[in-house]
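Notes follow once the structure below has been shown.
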Amino acid sequence: MKSSISFIHCADIHLDAPFSAMGKEDFSTERRKDLKKTFEKIVDMTIEHDVDFLIISGDLYEHEYASRSSIRWLNEQYKRLGQKPVILVPGNHDPYVKNSWYRSYPWNDNVHILTTEKPEYIEENLGVYFYGIGFGTFYQETLPMQKQPVILQDRFNICLFHGTVDMQFAKSAHNPVELSFLTDLGFDYYALGHFHSKKEVDIEKGIVYPGSPEPLGFDEMGEHGVFLVQLTKEDTVRMECSFIKTQQRAYHEVDVNIDGIDSYDQLEKRLDDVMETYEQERDIFKINLKGRISPDFHIDLEQINDKLDKSCFCVKFNDLTQPMYNLEELSEERTLTGVFVRKMQEKIESAHKNGQAEEKEIFERALYLGLEALIEGKVDL
Ligand SMILES: [Mn+2]
């Protein structure tokens with residue numbers, strides 16, 4: 001047995017996911033390719049870092065959509081690892097059901113699938129005990145544990161778990177457990193899968209979700225990758241763990257305030273200013289247009305969409321703008337609002353006269369925010 005082992009822990013790749021939310025066929029095709037590129041990167045890393053094995057904690061592919069050719073491709077990737085073992089547990093998207101590829105495909109010898117009936121695998125050369133808690137059906141509210149794990153101190157003990165840790169109020173609970181349930185099992189490392197954002201549930205005890213290595217939608221912003229882990233046996237087991245980014249692209253939801261804009265040129269300029277800070281050709285954007293605009297100015301979403309479609313990998317617009325207040329009418333009111341509008345208009349006028357463009361803009365913005373506070377009772381920044 002080795003005194004130190006290293007491995008890559010990934011989960012939730014979702015190969016062959018449909019990516020249908022954007023309603024664009026080309027986009028879906030490209031994104032499915034991205035998932036494969038990301039998985040290739042994970043295999044490359046396993047080889048380059050020369051770790052002992054690769055762990056996949058469920059939702060490797062989507063049972064409903066996975067094609068035979070993708071499964072064949074996957075097995076070719078495993079072959080690239082040579083003797084290095086791949087240990088995996090089926091998740092709720094790739095459960096170990098009757099017609100599962102996990103049962104029917106002739107996988108390469110280095111692949112070890114941990115199931116409810118056979119949850120254990122022992123890697124004798126390295127001295128590692130693997131135990132899996134995954135999915136035998138698409139939905140499980142209780143754990144499918146038929147056999148208790150056997151923890152021996154003279155080997156490394158790793159638990160692969162696909163499910164929900166410490167989420168009491170989850171609407172649809174998938175293998176829900178409390179953190180204490182896992183820690184009581186006594187493993188040295190808990191390779192979790194199911195949550196698509198990186199989550200260190202208890203890093204000291206080695207209980208971590210790497211998240212999806214490639215983000216799958218706008219609810220998966222931020223960094224995406226895998227964990228490179230080293231376990232060393234001394235009196236106790238010491239863990240070193242680093243997160244490595246693997247994603248091809250990122251999702252961004254961008255709010256663009258277009259208060260007071262009344263021409264297409266101005267709109268284009270405002271968008272350019274915001275978008276120039278992003279990797280447009282690479283990434284995926286949802287742009288929320290916000291603010292109050294003149295009722296006479298109609299935003300042609302198709303026109304701006306066409307323009308940004310050329311510079312961005314993928315973009316989708318949401319028009320959340322509201323019509324501008326009728327200032328003339330409001331200024332005549334004998335109310336606090338009327339006084340406020342008249343005062344602010346004076347300030348705007350004087351800034352304009354004195355050529356203070358920046359001040360004028362600030363007063364204009366203050367006028368709209370003030371009106372929002374007075375009329376709607378809240379300010380939407
Ligand atoms: Mn998943």
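For this structure, a couple of remarks:
- If the condition is being in a strand (DSSP E or B) and in contact with a Phe, Trp or Tyr (Cβ under 6 Å, 6 or more places away or on another chain), then the range 209-226 contributes TYR209, GLY225.
- Among residues of the range 21-40 being surrounded by 12 or more Cβ atoms within 10 Å (Cβ to Cβ) and polar (S, T, N, Q), the one that is nearest to the ligand (Cβ to nearest atom) is THR38.
A quick yes/no check of all residues on (1) within 16 Å of the ligand (Cβ to nearest atom); (2) farther than 16 Å from LEU54 by Cβ; (3) assigned by TED's automatic domain parsing to the domain that holds SER197:
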{"residue": "VAL86", "(1), (2), (3)": "no, no, yes"}
{"residue": "PRO95", "(1), (2), (3)": "yes, yes, yes"}
{"residue": "SER104", "(1), (2), (3)": "no, yes, yes"}
{"residue": "ASN108", "(1), (2), (3)": "no, no, yes"}
{"residue": "VAL111", "(1), (2), (3)": "no, no, yes"}
{"residue": "ILE133", "(1), (2), (3)": "yes, yes, yes"}
{"residue": "GLN148", "(1), (2), (3)": "no, yes, yes"}
{"residue": "VAL165", "(1), (2), (3)": "yes, yes, yes"}
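- One residue stands out in the range 173-194 among those that are among the aromatic types (Phe, Trp, Tyr) and modelled with pLDDT of 95 or more: the one that is farthest from the ligand (Cβ to nearest atom), namely PHE187.
- Given (1) buried (at least 18 other Cβ atoms within 10 Å of the Cβ); (2) more than 16 Å from the ligand (Cβ to nearest atom); (3) on the phi < 0 side of the Ramachandran plot, number of the condition GLY206 does not satisfy: (3)
- Hey, ALA191 assigned to a strand (DSSP E or B) and farther than 30 Å from PHE27 by Cα or not: yes
- Top-ranked residue of the range 113-125 - restricted to ones that are among the charged types (D, E, K, R) and either within 24 Å of the chain's Cα centre (by Cα) or under 22 Å from SER6 (Cα atoms) (or both), ranked as farthest from the ligand (Cβ to nearest atom): GLU124
- Check on LYS79, in contact (Cβ under 8 Å) with a residue 12 or more places away in the chain, surrounded by fewer than 17 Cβ atoms within 10 Å (Cβ to Cβ), in the same structural domain as PHE156 (by TED's automatic domain parsing) and more than 16 Å from GLN248 (Cβ to Cβ): yes
- The one condition from (1) over 18 Å from SER212 (Cα atoms); (2) surrounded by 14 or more Cβ atoms within 10 Å (Cβ to Cβ); (3) at pLDDT 95 or above that ASP16 does not meet is (1).
- Of all residues in the range 223-232, those satisfying the criterion of being under 20 Å from the mean Cα position of the chain (by Cα) and either within 17 Å of SER6 (Cβ to Cβ) or more than 16 Å from the ligand (Cβ to nearest atom) (or both) are GLU223, GLY225, VAL226, PHE227, LEU228.
- Members of the range 145-166 found to be surrounded by fewer than 24 Cβ atoms within 10 Å (Cβ to Cβ) and within 14 Å of PHE181 (Cβ to Cβ), listed by number: MET145, GLN148, PRO149, THR164, VAL165, ASP166
- Whenever a residue of the range 52-73 is away from the ligand (no atom under 16 Å from the Cβ), its partners that are among the polar types (S, T, N, Q) and modelled with pLDDT of 95 or more, lying with C-beta atoms within less than 7 angstrom and at least six residues away or across chains, give the pairs ASP52/SER6; LEU54/THR46.
- Only one entry in ASP235, ASP259, ASP272 is more than 16 Å from the ligand (Cβ to nearest atom) and touching a residue at least 12 places away in the same chain (Cβ under 8 Å), namely ASP259.
The values are calculated or read from the model by the stated rules, or taken from the named source; none is laboratory data. Not measured: the values here are computed from a predicted model. FYI the Cβ positions are ideal-geometry reconstructions off the backbone, even for glycines, and counts take in every protein chain you see.
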